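Read the structure below first, then the notes.
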Amino acid sequence: MSDVRNLLIRGSEKVIEHYRVLLASAKTESERQLYRNRIEREQRLLETLQGGIPQRSAA
């Protein structure tokens, strides 16, 4: 795997963790849904970067 690809993967993982923190502190259902959608989108990107191997999410 290339250094750039590894950097992108680590970045996606950090973004997902950030959205999980925001999701945990969300005050409204619309806010929670927004963060869930963003986590799902970032998970799909991460799977693509990792060669299409699905990652199990704890969230």
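Annotations for the structure displayed:
- Derived scalar couplings ³J(HN,Hα) [segment 38-43; Karplus, 6.51 cos²θ - 1.76 cosθ + 1.60; whole Hz; x for Gly, Pro]: 5, 5, 4, 4, 5, 4
- Taking the Cα centre of segment 1-48 as origin and assigning +1 to Lys and Arg Cβ atoms and -1 to Asp and Glu Cβ atoms, the resulting dipole is close to 80 debye.
- The modelled label-to-label distance for the pair ASP3/LEU45, using points 7 Å beyond Cα in the direction of Cβ, is 2.2 nm.
No lab work stands behind these numbers, since they all come straight from the coordinates. All of these numbers come straight from a predicted model, not from anything done at the bench. Please note: Cβ atoms are built from the backbone with ideal geometry, for glycine as well, and neighbour counts cover all protein chains shown.
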